[in-house]
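**Student:** Could you have a look at this structure, given as structure tokens, before my questions?
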Amino acid sequence: MRAGIQRAAALARAAITVVRASVFLTACVWPRLAWSQQAGSEVQPELRADLVAARSSAVQLGVGAVAPTGEYLRLGGDLAAGVAGGTGGPFFSSRVDLYGRFHLDPRGESRWAPYLVAGGSFRADERARGRLYALAMAGVEGPVSHPVVPAFELGLGGGVRAGIVLRRGLANRR
């Protein structure tokens, strides 16, 4: 009984930490999102939610940005944090991703456009030493909806990873 109460308290503390971090990151990113739209910047900020299913599975919220390096390729990175669980109960988890994203429809000629992601991911959990993982995913970007473009990703990177992403829409390309 006591172990159950301690786990519930630890989960509540971890959830509060994730909510605080999300509010902080949103407050930091939202003004930049508005600024980059006004300035005509090519940098594309994003907000994301990911599920990483592994020995120690995690649910994480993150922020990131990508910049074009050519017509088809974008280079970017993400910072994410959340709650992980496993045999030791819930605990804090974080990760950093650096990647290249190859668009198969860079001009947005289709309503839904597939893309491929390759790079590296560094994940650090509260109870384990950080590890570097290869990152390989496939994704699809949805139609531009006002200033936001939804995207869905599935792949490998520290476990099986599924993500939902909201990116700033661009007028002339994806």
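The values are calculated or read from the model by the stated rules, or taken from the named source; none is laboratory data. This is a predicted model, so every value here is computed, not measured. In this analysis, Cβ positions are derived from the backbone assuming ideal geometry, glycine residues included, and neighbour counts consider all displayed protein chains.
**Student:** Listed residues GLY64, GLY70; which is part of a loop (DSSP other than H, G, I, E, B) and modelled with pLDDT of 80 or more?
**Tutor:** Values: GLY64 fails: part of a loop (DSSP other than H, G, I, E, B).
When all the criteria are applied, what remains is GLY70.
**Student:** Looking only at region 129-145, which residues are in a loop (DSSP other than H, G, I, E, B) and closer than 15 Å to GLN44 by Cβ? Break it down into steps so the answer makes sense when it comes.
**Tutor:** Residues of region 129-145 that are in a loop (DSSP other than H, G, I, E, B), as a first pass: 129-130, 142-144.
Passing the criteria: GLY142, VAL144.
**Student:** Test GLY62 against the stated conditions and say whether it is touching a Lys or Arg at 6+ places or on another chain (Cβ under 7 Å) and surrounded by fewer than 19 Cβ atoms within 10 Å (Cβ to Cβ). Show your work before the answer.
**Tutor:** On the way: touching a Lys or Arg at 6+ places or on another chain (Cβ under 7 Å): yes; surrounded by fewer than 19 Cβ atoms within 10 Å (Cβ to Cβ): no.
Judged against the criteria, GLY62 is not a match.
**Student:** Any idea which residue in region 37-80 is nearest to ASP125 (Cα to Cα), counting only those that are within 9 Å of the chain's Cα centre (by Cα) and among the hydrophobic types (A, V, I, L, M, F, W, C)?
**Tutor:** Across region 37-80, the extreme among qualifying residues is ALA80.
**Student:** Here is a further query. Any residue at all in region 119-128 that's surrounded by fewer than 18 Cβ atoms within 10 Å (Cβ to Cβ), over 17 Å from the mean Cα position of the chain (by Cα), at pLDDT below 95 and not hydrophobic (A, V, I, L, M, F, W, C)?
**Tutor:** Scanning region 119-128, I find at least one residue that is surrounded by fewer than 18 Cβ atoms within 10 Å (Cβ to Cβ), over 17 Å from the mean Cα position of the chain (by Cα), at pLDDT below 95 and not hydrophobic (A, V, I, L, M, F, W, C), so the answer is yes.
**Student:** Here's another thing I want to ask about it. Mind checking which pairs have a first residue in region 94-106 that is over 17 Å from GLN44 (Cβ atoms) and a second that is surrounded by fewer than 17 Cβ atoms within 10 Å (Cβ to Cβ) and among the small types (Gly, Ala, Ser), Cβ under 6 Å, 6 or more apart or different chains?
**Tutor:** SER94/ALA124
**Student:** While we're on this one: Checking LEU116 against (1) surrounded by fewer than 18 Cβ atoms within 10 Å (Cβ to Cβ); (2) part of a loop (DSSP other than H, G, I, E, B), which single condition isn't satisfied?
**Tutor:** Among (1) surrounded by fewer than 18 Cβ atoms within 10 Å (Cβ to Cβ); (2) part of a loop (DSSP other than H, G, I, E, B), LEU116 violates only (2).
**Student:** Please find, within region 151-164, the residue that is farthest from VAL52 (Cα to Cα) out of those that are more than 12 Å from the chain's Cα centre (by Cα) and surrounded by fewer than 16 Cβ atoms within 10 Å (Cβ to Cβ).
**Tutor:** Going through the qualifying residues, I end up with LEU156.
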